[in-house]
Amino acid sequence: MTAPLNGKLVTVFGGSGFVGRYVVRAFAQAGWRVRAACRRPDLAGHLQPYGAVGQIQAVQANLRPEHRWSVDRAVHGADAVVNLVGILHASGHQTFEAVQAEGPGIVAEAARAAGIGAVVQVSAIGADAESSSVYARSKAAGEAAVLAAVPGAVILRPSIVFGPEDDFFNRFAGMARLSPVLPLIGGGETRFQPVYVGDVAAAAFTAATGGAKPGTVYELGGPEVKTFRALMEEMLEVVGRRRILLPIPFGLARLQAKVLQLLPSPLLTEDQVEVLKVDNVVSEAAIRDGRTLSGLGIEARTLASILPSYLWRFRQSGQFDTRRTA
């Protein structure tokens, strides 16, 4: 149930995306007015049911430097700003440098100029200025730019995010429906700590509304740490399919990525292979310091409690299929 409007306004950059829709809903249900800033506001109609009439407004904004004016316009009059914009692979003008390194700084500078202190930057576990991955280095650069402009900003670093619209379990479940083999890059030993998208949204809301320590980096992971192989096994269990899990050494995967990254929607890139060489889990330091979901007062949900609610469509008989069939 949506709370009565409280007169506050949040600007959510990337509000029409996977994580964005849940962040928009979290604020709308709490009675905030929401300005969803995205490149294609004409494609953001799916956000409207999350709030009352007129409560959610989609506006055009682009984080590249030449469009700084659109960012200034998007934050005007807001009480809080959340930036979720990110890419998994570069395409055209949407480069890691422009979107993930420079873009967050532009958002933070616009917020500072507008007198907004409540700024939340959603980054990723693995952000590292010394990483061999361009993706990870750009995430780290974006974090640094945000904190340089707004020292009290809160950084959220989630592990791999799952939920009904995710591009991880849905993609591999789709592959399992067509292929007898699923690849395990690097042997499938990379560890992940999948976090439910609704919990990430709750963390963003909590951070933007004063429930987090200013100027702090929080690492968000679910209650389970699992290898890539274990995640594939759990997904296959949910969809009721038996498939061969084929280990692929990093060297061979990199060669394959040279070709696959040329596709319009790359299945794998060389940079993603680099990312997979490092475990994607909450650090011991973050746990010790309380910079986690539990430190924000959020109880993380498990894979088992969520995956069946949306992966049923990949079973042979859909929601009516309750046993292994293939």
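The values are calculated or read from the model by the stated rules, or taken from the named source; none is laboratory data. In this text the structure is predicted, and so the values were computed from the model without any measurement. Methodologically, a virtual Cβ is constructed for each residue, glycine included, from the backbone with ideal geometry; neighbour enumeration extends over all protein chains shown.
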Hey, L268 hits all of (1) at pLDDT 95 or above; (2) within 20 Å of P194 (Cβ to Cβ) but one; which does it fall short on?
(1)
Considering residues that are farther than 18 Å from P4 by Cβ, touching a helix residue (DSSP H, G or I) at 6+ places or on another chain (Cβ under 8 Å) and not in a helix (DSSP H, G or I), the number found within region 42-57 is 0
Which residues, taken from region 20-58, are free of Cβ contacts under 8 Å to residues at least 40 places away in the same chain, under 20 Å from Q100 (Cα atoms) and either surrounded by 15 or more Cβ atoms within 10 Å (Cβ to Cβ) or of a type in the set (F, W, Y) (or both)?
A36, A37, C38, R39
Residue that is nearest to the chain's Cα centre (by Cα) [pool: residues in region 60-111 that are assigned to a strand (DSSP E or B) and surrounded by 16 or more Cβ atoms within 10 Å (Cβ to Cβ)]
N83
So how many residues does region 283-293 have that are closer than 14 Å to K213 by Cβ and of a type in the set (S, T, Y)?
1
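Is one or more of the residues making up region 190-210 of a type outside the set (G, A, S), without any contact (Cβ under 8 Å) to a residue 24 or more places away in the chain and either crowded, with 23+ Cβ neighbours inside 10 Å or not in a loop (DSSP other than H, G, I, E, B) (or both)?
The first filter runs over region 190-210 and keeps only residues of a type outside the set (G, A, S), leaving 190-197, 199-200, 205-206, 209.
From the residues that got through so far, the ones that are without any contact (Cβ under 8 Å) to a residue 24 or more places away in the chain too are none.
Taking every residue of region 190-210 in turn, none turns out to be of a type outside the set (G, A, S), without any contact (Cβ under 8 Å) to a residue 24 or more places away in the chain and either crowded, with 23+ Cβ neighbours inside 10 Å or not in a loop (DSSP other than H, G, I, E, B) (or both).
Among the residues of region 289-326, what is the count of those that are among the small types (G, A, S), modelled with pLDDT of 95 or more and either surrounded by 14 or more Cβ atoms within 10 Å (Cβ to Cβ) or in contact with a Gly (Cβ under 9 Å, 6 or more places away or on another chain) (or both)?
Taking region 289-326 as the starting set, the residues that turn out to be among the small types (G, A, S) are 290, 294-295, 297, 300, 304-305, 309, 317-318, 326.
Filter once more, so that each one left must be modelled with pLDDT of 95 or more: 290, 294-295, 297, 300, 304-305, 309.
So of that shortlist, the ones also either surrounded by 14 or more Cβ atoms within 10 Å (Cβ to Cβ) or in contact with a Gly (Cβ under 9 Å, 6 or more places away or on another chain) (or both) come out as 295, 297, 300.
Residues in region 289-326 being among the small types (G, A, S), modelled with pLDDT of 95 or more and either surrounded by 14 or more Cβ atoms within 10 Å (Cβ to Cβ) or in contact with a Gly (Cβ under 9 Å, 6 or more places away or on another chain) (or both): 3 in total.
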Is at least one residue of region 9-19 of a type outside the set (F, W, Y), touching a residue at least 40 places away in the same chain (Cβ under 8 Å), surrounded by fewer than 24 Cβ atoms within 10 Å (Cβ to Cβ) and touching a strand residue (DSSP E or B) at 6+ places or on another chain (Cβ under 6 Å)?
yes
For M235, which of the numbered conditions (1) without any contact (Cβ under 8 Å) to a residue 12 or more places away in the chain; (2) part of a helix (DSSP H, G or I) fails to hold?
(1)
Please go through region 148-176 and pick out each residue that is surrounded by 21 or more Cβ atoms within 10 Å (Cβ to Cβ), of a type outside the set (V, I, T) and over 24 Å from R242 (Cα atoms).
A153, L156, R157, P158, S159
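Answer yes or no as to whether V217 is crowded, with 16+ Cβ neighbours inside 10 Å and farther than 21 Å from E284 by Cβ.
no
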